[in-house]
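Please treat every number below as a calculation from the coordinates, not as lab data. On a predicted model such as this, the values are computed, not experimentally measured, just so you know. Using ideal geometry, Cβ is built from the backbone for each residue, glycine included, and neighbour counts are taken over all protein chains shown.
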Amino acid sequence: MQLLRLLIVPGLIGLGTLIAVHRPSLYSSTGRDDNGARAAFIEAYKVFMYPRCMNCHPAGDSPLQGDDSRTHFYRVRRGTDGNGVYSMKCTNCHQATNQPGLNMPPGASNLSKDDSANLTPRWRLPPTKTPMVFQGRTPSQLCSQLKDQTENGGMTAEALIRHISSDPLVLWGWDPGEGRSKPPLSHDKFVENIKAWLGKGGACPK
Ligand code: HEC
Ligand code: HEC
């Protein structure tokens, strides 16, 4: 019995390590397929570069606005935490929902849409430390950047999928308020392509 335990326990620990190390990762859950992954990313790229998304993922220090992605009026700035600077804090104007009417401030909440209690506004830019720039990135550059945890806010593939599936700032892109256009793919198709890209191994376009 004692001998058996001596043999089984290390055996189980060994097996546990093996499972931990080879835990199936989303990065190839449907089997690796580099061409399929690249094609899926190229589709999703159309959404990332669309003004509704890119306007909050600018190369510079100010958000952009409109379908021509011009600099936000007053040149409001990012600030260290992305919430704006001095009296120009984003949430002074941007509330938890879109304000009705043309040219009114769009808005998004911190909570999921169906939780109507205590809606606090979430509108801001990514922080200075990880500005998560989309503007000007090629498909290849953006693809690598999105997978790089030093640039994406420490997100695993799973967290990235959760973010683009349910973050109110992302969902806002398909409910952007009066007079604003929507991305060329539906939200469902966008999520499907991100899942396919990562599920097929996450290869990046060359
Ligand atoms: C003084 C009020 C005010 C402040 C402060 C402000 N905004 Fe805005 N913002 C607006 C208004 C109003 C609009 C809509 C303009 C329009 O549609 O013509 C707008 C539009 C935008 C858009 C454009 C959406 C689109 O896709 O066309 C983005 C992005 C944006 N703001 C981000 C921010 C961020 C991020 C901050 C903080 C760093 C911020 N804003 C601070 C009032 C403000
Ligand atoms: C109001 C500004 C705003 C809008 C609009 C917005 N984002 Fe973001 N995005 C952010 C902020 C802020 C973060 C940082 C995450 C956080 O603060 O939780 C972020 C993070 C991300 C990330 C995670 C990490 C990374 O590497 O970039 C992805 C992916 C992303 N956004 C995609 C999108 C997509 C797709 C859209 C359009 C459908 C979009 N965003 C629209 C502000 C915005």
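Just a few scattered comments:
- Among the listed pairs 147/206; 46/200; 147/195; 46/129; 46/89, those beyond 21 Å (Cα-Cα): 46/129; 46/89
- Multiplying the residue separation of residue 181 and residue 138 by 0.36 nm and removing their Cα-Cα distance gives an extension gain of 13.2 nm.
- For residue 76, net neighbour charge (Lys/Arg +1, Asp/Glu -1) across residues whose Cβ lies under 12 Å away: +4
- Surrounding net charge for residue 160, when Lys and Arg each add one and Asp and Glu each subtract one, Cβ distance under 15 Å: -1
- Sorting 177-184, 195-202 by their mean Cβ neighbour count within 10 Å, with the most densely packed peptide first, gives 195-202, 177-184.
- Under 5 Å from the amide H of residue 84 lie the amide H atoms of 79, 90, 125, each residue being 5 or more positions distant or on a separate chain, with H modelled from the backbone and absent for Pro and chain starts.
- The packing ranking, built from the mean of other Cβ atoms within 10 Å per residue, places the peptides 30-43, 64-77 in the order 30-43, 64-77, highest first.
- R0 of 45 Å, Cβ-Cβ distance residue 110-residue 42: FRET efficiency to nearest 0.05: 0.90
- Applying 1/(1 + (r/R0)^6) with R0 = 41 Å to the Cβ-Cβ distance of residue 155 and residue 102 gives a FRET efficiency near 0.70.
- Whole-percent pair-distance distribution, where bins are 10 Å wide, for the alpha carbons of segment 32-199: 10, 38, 38, 12, 1
- Charge tally in the Cβ shell below 11 Å around residue 39, where Lys, Arg are +1 and Asp, Glu are -1, residue 39 excluded: -1
- Here the relative contact order of segment 81-176, from alpha carbon pairs under 8 Å that lie six or more residues apart, stands at 25 percent.
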